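Below: the structure, in structure tokens.
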């Protein structure tokens, strides 16, 4: 059932009030009773050099969160009086010149903007300086840090009014408080935000399925390309390269009205799927056998990916697609790994790894509820991986006698504490998701909030119950879960020559068995999940069960 989007305005004033209330609590007691002010600049339209053409515009997330406005070059002013808990918000939009109107669509008029956005008043940008001069003399003005990462309202003011002083009546300016508070506030999503994330997930889920179904139609021979020298129509497109898969995914999203991808898609076939943030998306699928063999040539894998020859067929391989669209500045982040060649079925090795990754994800999903620490979800993924690799024979008991290996549990604990599993699953099991795909990093990983191996603390975990410190080094989320958070759950298993090389002599690794699986490359499964009061809700609608994936990619349904 499709998501019904809210018909009301984006709740910007609610976000402003939440931000101010949190902000005052972070201040020194001597500053909490003062009038508080937030001043922000929105993003400007980017241009490509020497083309006189705009690049795709996307509003800066913090600006949109407080204003709901996606108009390029806008400004925002909010004031808060703690004694009365009242908020006033003003939006400032560009006033176009006649030349602007000749080249580009006009920004909204003042009345249109006031009717569209959840603000108290709308003005043209030139009015901001005068409004700043009228701020109370004891006000504390909050801005984003001048790091180059965010649009800088002070740079705008420097150009149009060098003597502005952000409130020449004597108000003080602070840049150290606002960004951490915005991240903390944005960590918990309201119902409006959840609806937008849900919508993005539905569109992206369908786009992933479209790619699978096009692969399946080709398996069934149902895509005809008798075009008689005319261009191929969309229904005649085959997927035989990473770029073609990406094109169909993005086209499906755009067709449903999603203008932006939340991040550059990762579309990696065969051994390329071992690279976590593979960004090429330009390789053809392999034809004939795909091999991956360790040569100890500088510790690198020699991977042979055959090209197409006359009469050849697609080699059995996986296609990993990590991609998701945005809807009104809210992200989705979905990964599916699907079989290519072999009649749309996984090889036995790829299926074994896929099933294991799916087990890692399912074990993670059942854990999710308020109060569960993300470190424990990460640890559980490594435990499932170790158990699975022991079943497959990739991990083994050492051939030599070892005093610490008295039982299967001892073997598992010793493998975990060795850190070997991190060579196959090196990243975190997920992260916060919202307006940005790796949302609110300051609030997601505050200092010393981890449970195991926390840098700068005494949490060394000498008991060994937390596994190995490498499990947590790249975690983007190290909190106990709270209702209203949206997180990704994205375990994976990869056969990266660079990560495996230092471990090839491990007493726990059977390299003969490992060699059978290396050509799989990598498999990841990722869903977006809302933490609720009683548990969790999966917002991603595309299925991930092995049988369903194979049936679709084989064109059988």
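The numbers here are math on the coordinates, done by the rules we state, and not lab data. Please read all numbers here as calculations on a predicted model, not as lab measurements. Reconstructed Cβ throughout: ideal geometry from the backbone, glycine too, with neighbour counts over all protein chains shown.
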Using r as the Cβ-Cβ distance of residue 474 and residue 501, and R0 as 22 Å, what FRET efficiency do you calculate, to the nearest 0.05? 0.75
When averaged across all projection directions, what area in nm² does the alpha-carbon convex hull of the chain cover? 31.2
Length gained if residue 213 through residue 14 is fully extended, taking 0.36 nm per residue and subtracting the Cα-Cα distance, is 67.4 nm
With each label point set 7 Å from Cα along the Cα-Cβ vector, what nm distance links residue 229 and residue 54? 4.1
What angle, in degrees between 0 and 90 and rounded to the nearest 10, separates the Cα long axis of helix 242-255 from the longest principal axis of the Cα atoms of the chain? 40
Work out how much length residue 254 to residue 513 would gain on full extension: take 0.36 nm times their residue separation and subtract the Cα-Cα distance, in nm to one decimal. 88.9 nm
Order these by the 10 Å Cβ neighbour count, fewest first: 435, 485. 435, 485
On a 0 to 90° scale, report how tilted helix 408-418 is relative to the longest principal axis of the chain, with both axes built from alpha carbons and the result rounded to the nearest 10. 50
Work out how far the C-alpha atoms of segment 416-545 reach from end to end along every principal axis, then list the three figures in whole Å, largest first. 47, 42, 25
Taking a label point 7 Å from the Cα of residue 307 along Cα-to-Cβ, the residues of segment 268-284 whose backbone nitrogen sits under 16 Å from it are 282-284
222 nm mean residue ellipticity, helices alone, for the chain (DSSP H n ≥ 4; -39,500 (n - 2.57); rounded to 500): -9500 deg cm²/dmol
Taking 0.36 nm per residue of separation between residue 277 and residue 409 and subtracting their Cα-Cα distance, the length gained on full extension comes to 44.1 nm
Packing-based order for 324-330, 73-79, using average beta carbon neighbours within 10 Å, highest first: 324-330, 73-79
Among 97, 7, 540, 275, what is the fewest-to-most ranking by other Cβ atoms within 10 Å? 7, 97, 275, 540
Please give the helix 348-367 orientation as an angle from the longest Cα principal axis of the chain, in degrees from 0 to 90, rounded to the nearest 10. 40
If I model a spin label at residue 159 and residue 47 as a point 7 Å from the Cα along the Cα→Cβ vector, what separation in nanometres do I get? 1.1
So what is the relative contact order for the chain, in percent, with contacts set as C-alpha pairs under 8 Å and at least six apart? 15
If you rank 376, 83 by fewest surrounding Cβ atoms within 10 Å, what's the result? 83, 376
Find how many whole Å separate the alpha carbon centroid of segment 191-220 from the alpha carbon centroid of segment 476-521. 26
Starting with the highest mean, order 10-22, 502-514 by the number of other Cβ atoms within 10 Å, averaged over the residues of each peptide. 10-22, 502-514
Calculate, in whole percent, how much of the Cα-Cα pair population of segment 12-186 lies beyond 20 Å. 52
